[in-house]
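Accompanying notes for the structure given below.
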Amino acid sequence: MRVDSDSMMSNLLTRVGNTGCGWKCAVPFDVAPGAREHEQAFDLVQAALRREKLLTYILSSQQLTATEIGIFLAMLGMVAGPAWAADTTDQRPDETFTPYVRALYGYDSNLFRLQNDQEARAVLRTSNTAESYLTLGAGMDANLKMSRQAIQAHVELNQTRFNTYGQLDNDGHDAYLKWDWRIGSRATGDISAADTLTQASYTNVKQPVKNQIRTRRGGVNSAIQLTHPWQVQFGMESVRTSNDAAAQLPQDATVDTFNAGLQYRTDKGSTVAWVSRRSEGRYPNLQLIGLVRVDNDYQQWDNGVAAVWKLSEKTSMTGKLNFTQRGYTDVPQRDFSGLTGLSSLDWSATDKTTLNASIYRNIGAIENTAIENTTASYALNQGVAVGADWKPTAKLTFNTRLSHDHIEYTGDPGFVLSTQAVREDRLTMAQVGLQYTVLRNTQLGLMLRRGVRHSNEALESYRYGSALINLSSQF
């Protein structure tokens, strides 16, 4: 059942106000800080809804569309913020509970990373490779301080709907819980758990196949202060990833990591640490290469140093250098042994401008978003990146980033077991973005990205451009 906007809005406000404690028991707008700007925002939203006639009557059994839900959530966030704040004044400064809603619109000129029109017509039956989508999310962030202990929590539920390829529509979630503990004056650490469900990258799948990856993490880290300035550190983490697409089941993995180290801290806050890390990866589903079933289980050692050095009040350097060894019981020809690491420099050129640059060399795991690798258990990635952030006003921030990566798929058993040359990609990406605080509790973000990949393997090169617009509101 559809009704006009004015009638719908009146009934909507009546229902929310009468539902136990809707909008904090209908606290008048003018009793909370920032009431005038939020009331003006509410009037603008209401006028827009009247012109566009987008919202469905909230009491109707007819399902709301994604666009209608997005407008309603954004309106709710902008209006409810002051009312919520008025009811949480008794919270301590170190305790926060922040519900939020967000809406993200995305456009990609080549979502499935196809090389040319011929490949697009073969895969998609059209030369049009562009796609757009809308993601809606609602969640909360919480911080609680109890004596010397601190608890952080985050949870979000989201849904993504595509414009053309509806079979890719999906619902996801993101949650974590972390306890930062302290015993006496010498022992500190944390215990954490996280669970995410998200759509996998289409980069190497290259077709509209829905595959959601669930990642579950659990970790424990501890540090004990020895005689100043020495500290001993140790921890462990378990990461389990699972795919729901049958073709990607060989990428399911569990990686358990144990680490220990000794850190030295200077009086100015710089640190140098020796770190030893052991990882064990287990792949329960064998990978079929031709007629051969390959076991991708491995063991890896990373031994090296990590440092954070404050060169001056405006300049700092972060780095790590490891000797990495990864060994496979099955197809040991792909074993890796060599240097890996990262070096980055951050410089606060002015109070409003920050510049950074980094170089890196690593063997990316299956979940590495830069490599977006679904064909190898690891790939050797070497790259450089530069970026800048500029904040001309308290409400406006601009940022830009340029990166270039050279990726060798040396961990792919398919290349090792054949006479085919190892695949090599060169990926260049450039992006610019801005964040603007529209209202006290509402932020608007925009990001534009351009990417080009050249590969020595047929049909693995591509170009794309993408845009993201994100609107988020805290209650």
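Overview of results
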read-out: Count of residues meeting criterion [modelled with pLDDT of 90 or more and surrounded by fewer than 18 Cβ atoms within 10 Å (Cβ to Cβ)] in the range 281-292; value: 4
read-out: Of all residues making up the range 399-427, the number that are in contact with a Lys or Arg (Cβ under 8 Å, 6 or more places away or on another chain), closer than 20 Å to Tyr462 by Cα and not hydrophobic (A, V, I, L, M, F, W, C); value: 7
read-out: Only one of Lys206, Lys268 that is closer than 21 Å to Val308 by Cβ, outside any strand (DSSP E or B) and more than 19 Å from the chain's Cα centre (by Cα); value: Lys268
read-out: Out of Asp330, Asp256, sole residue that is surrounded by 14 or more Cβ atoms within 10 Å (Cβ to Cβ) and not in a strand (DSSP E or B); value: Asp330
read-out: Filtered residues of the range 299-321 (kept if within 19 Å of Gly281 (Cα to Cα) and either crowded, with 18+ Cβ neighbours inside 10 Å or among the aromatic types (Phe, Trp, Tyr) (or both)); value: Gln300, Trp301, Asp302
read-out: Selection status of Leu144, free of Cβ contacts under 8 Å to residues at least 60 places away in the same chain and more than 23 Å from the chain's Cα centre (by Cα); value: yes
read-out: Residue under evaluation Trp274, criteria (1) within 30 Å of Ala200 (Cβ to Cβ); (2) in contact with a Leu (Cβ under 6 Å, 6 or more places away or on another chain), criterion not met; value: (1)
read-out: Subset tally (residues that are closer than 30 Å to Tyr165 by Cβ and of a type outside the set (A, V, I, L, M)) for the range 117-152; value: 15
read-out: Those residues of the range 121-161 which are surrounded by fewer than 18 Cβ atoms within 10 Å (Cβ to Cβ) and closer than 30 Å to Ser455 by Cα, in sequence order; value: Arg121, Ala122, Val123, Arg125, Thr126, Ser127, Asn128, Ala130, Ser132
read-out: Any hit, the range 153-174, residues being of a type in the set (Lys, Arg) and more than 20 Å from Ala245 (Cα to Cα); value: no
read-out: Residue count, the range 462-473 (criterion: touching a Lys or Arg at 6+ places or on another chain (Cβ under 6 Å) and surrounded by fewer than 17 Cβ atoms within 10 Å (Cβ to Cβ)); value: 1
read-out: Matching strands (runs of 3 or more DSSP E) fully within the range 122-191 where at least 1 residues are hydrophobic (A, V, I, L, M, F, W, C), within 19 Å of Leu111 (Cβ to Cβ) and out of contact with any Pro (no Cβ under 6 Å at 6 or more places or on another chain); value: 131-146, 149-162
read-out: Test: residue in the range 411-419 that is out of contact with any helix residue (DSSP H, G or I) (no Cβ under 9 Å at 6 or more places or on another chain) and among the charged types (D, E, K, R); value: no
read-out: Restricting the range 224-253 to residues that are under 27 Å from the mean Cα position of the chain (by Cα), among the hydrophobic types (A, V, I, L, M, F, W, C) and part of a strand (DSSP E or B), the residue that is surrounded by the most Cβ atoms within 10 Å (Cβ to Cβ); value: Ala253
read-out: Test for Asp335: is it without any contact (Cβ under 8 Å) to a residue 12 or more places away in the chain and surrounded by 13 or more Cβ atoms within 10 Å (Cβ to Cβ); value: yes
read-out: Positions within the range 431-452 being farther than 18 Å from Val101 by Cβ and modelled with pLDDT under 95, in sequence order; value: none
read-out: Filter result for the condition that a residue is out of contact with any His (no Cβ under 6 Å at 6 or more places or on another chain), free of Cβ contacts under 8 Å to residues at least 12 places away in the same chain and charged (D, E, K, R), over Asp302, Asp351; value: Asp351
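The values are calculated or read from the model by the stated rules, or taken from the named source; none is laboratory data. Computed from a prediction, not measured in an experiment: that's the story for all the values here. A quick note on method: Cβ atoms are made from the backbone with ideal geometry, for glycine too, and the neighbour counts reach across all protein chains shown.
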